[in-house]
1. Between region 50-88 and region 326-372, what is the C-alpha centre distance in whole Å?
2. With a 1.4 Å probe and every protein chain kept in, tell me what percent of the accessible surface of region 459-591 is carbon plus sulfur.
3. How far is the Cα center of region 168-229 from the Cα center of region 571-611, in Å?
4. Return one whole number: the accessible area per residue of the chain in Å², for a 1.4 Å probe.
5. Quick one: helix 2-22 against the long Cα principal axis of the chain, what's the angle to the nearest 10°, folded into 0 to 90?
6. Going through the cross-link list K228/K621; K465/K548; K228/K545, which pairs have a Cα-Cα distance over 18 Å in this structure?
7. State, to one decimal in nm, how far the label point of E264 lies from the label point of T602, with both points 7 Å from Cα in the Cβ direction.
8. Using only Cα atoms, what is the ratio of the radius of gyration of region 227-317 to 2.2 N^0.38 Å?
Amino acid sequence: MKKTLALLLALVLVLGCFAGCASEPENNQSEPSQPEAPKYDVISIEKALELCGEAGNVTTEKYYIRGTIESITNPAYGAMVITDGTHSISVYNTAGYADMEDKPYKGDEVLLHCILQNYNGTKEIKTADLIEFKHAETTVDESKYAEMSIADAREAAEGTLVKVDGVVAQITYANGKIPAGVILVDETSSIYVYDGNIAGRAKIGNTVTLLASKTWWILEDESGNAQKFGYKGCCQLDSATLVSISDDVKDFNTSWIQESTVKEILDTPVSTDITTKIFKVNALVSKVPGTGFTNYYFNDLDGETGSYTYTQCNGSDFAWLDQFNGQICTVYLMALNAKASAAGCVYRFLPVAVSDDGFVFDTTKAAEFAVKYYGVDQFQSTYSGNPELEVVTSVSSDLLGFENAKLSYSSSDNKVVTFMPVNGKWQMHCLSSGTATVTITGSYGGQTYSETVEISATIAKEEVKAPTVSETIAKEVGAEVTVKGIVGPSLVNKVGFYLIDDTGIIAVLTDEATMATLQIGHEVVLSGVRHLNTKDADYGQTCIKDAKVVTNNYGSHDYSTSFFVTDKTITDIYNLNVDTDYTTTVYVAKATVVVEENQYYTNILLSDGTSKLRLYCSSAKQYNWLKAFAGQEVTVEVAACNWNSKNYYTGCVLAVRNADGTKTYNELNFTK
């Protein structure tokens, strides 16, 4: 019995041993454990703002901050604004952001390790290392967006939600050279996409697909004037969401792009929606440095007809155009937008692509060029009197390499419109009321080219009676007025001129189209509104606004100076009290023309040795004609003006009276 129990106990011990050995892992190794996620001592944005401290403080310690990107303010430096939903803080710089292949954008969550500072009162993250980020999931309901071509998107109603794709042809920049938007092109058309997030991510040549809203953009304070001239604004997409972006780079499609000229673009009424649509043109590229900025112009082959690029970076975003300065280039050009003012709407350009292809003008087209650029545009469609218009008979161009292309003229009814030589010059005359077809013919090198214009003349049988200038000045502000007088010298920094008769003088504000029909010395009847141009003050500039020509009797009349004040000095004008309206007064005084130039600005003033009278202008270039008299004492006709309701008067020089009795006029707003 004892032996049996001993055997059973031994068996149990052996089995237990085998069971224990079987439970051990092979090679006597344990399973590897999963690494724990790193732990960061994250502070809140509220705490970060507190740690920024007083102005001038910079923390020595780095902090972890987590937030969602509200905006990327400068992709070049990784500048951004992050939020936790309650508080926000700016990030001045994120190390290595620009070089990241995959980087966070608006809506993404980021974890930053950063230094904090209070820079001149601005609490911000000074420098940050990007520790981790998570792309936000798109929450836009794509089913609400209609997929369409860019051409169809351009025609869509405002507010239409669209899905488009295309190649990024150009990037635009805001102040500080921060990407602001892209020009998107497909096989049908082009359009501007206003979105800094997409502009910061895309490269020229990338293909993108996006969801956006169709709209027209215009500055709020320009909308009233834009509406007056039928301008809807910049045709664009905004409120965009990026669906996809390619890594490859390719050229944008040009098969749909229409060949045109700078002149044809500028002649297109702003009521026709051509903004952000690309045209292919030959254009003279010109760099024009200013004081603290640079303008780049694209002019037509006459070297004059053109406009400037739209820039928010003082021209630095177009420095790439320097290589083309002074060259006639092939340009893919668009009117990005138009500046709308009371004087009219002026297209501003965006060059999408430029190449110098060694342009050489075909001189067999010189006759056509002379007609289109120097012949046709001389004439108005209607005349209310006899303009005695001197016409161009010969055209030469050093830029294009031809001389003496001839222009001749004929009329279908010489009783209405005729051409005749006067003192060796050819003039057009309107002799009676009616309509005539005028043919302009150019000839050069055996080639001829002709175009026609219809001219309607209305020759009044009796002289038009109208109130005088002094009667108009006496009208209540806001009254509709009609007034007769002589077109005098130009206003400065305003589109318009001084209207003068035997009783007085008044400033006239009009539009550029009207100014193009006028010259100093014309006798006109105008309609408009008696106005006081002021900024929340009881004083300002007396003028007529929204002036239109009722009748133009033309002629070359001298304006009256009988009421000009001749017993005052520049110091007297300088000391005028703005509580009394002197803006309808012209002074004749001795003055030395002073030109003050330095690195940043140029001023032109009138001095009598005691006082210096400022001249009202936005740039001294508007008074370039006075530089010929710099340092000289001359006799000036100068009007007191106060367009901005200042507590002092500035001046507007009408003319310099030369020693021989002639005058040099202020002709700033007049076309030659």
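1. Rounded to whole Å, the Cα centres lie 46 Å apart.
2. C and S fraction of accessible area: 45 percent.
3. 45 Å
4. In whole numbers, the chain has 51 Å² accessible per residue.
5. With both axes taken from Cα atoms, the answer is about 20 degrees.
6. Among K228/K621; K465/K548; K228/K545, the Cα-Cα distance tops 18 Å for K228/K621.
7. 3.7 nm
8. Details: Rg = 16.4 Å, N = 91, 2.2 N^0.38 = 12.2 Å.
In units of the 2.2 N^0.38 Å rule of thumb, it is 1.34.
The values are calculated or read from the model by the stated rules, or taken from the named source; none is laboratory data. Quick caveat: nothing in here was measured; it's all calculated off a predicted structure. Counting neighbours? That spans all protein chains shown, and the Cβs are built from the backbone with ideal geometry, glycine included. What goes into the accessible areas is simple: the full protein's heavy atoms, side chains included, and nothing from ligands, DNA or RNA. Shrake-Rupley method; radii C 1.70, N 1.55, O 1.52, S 1.80 Å.
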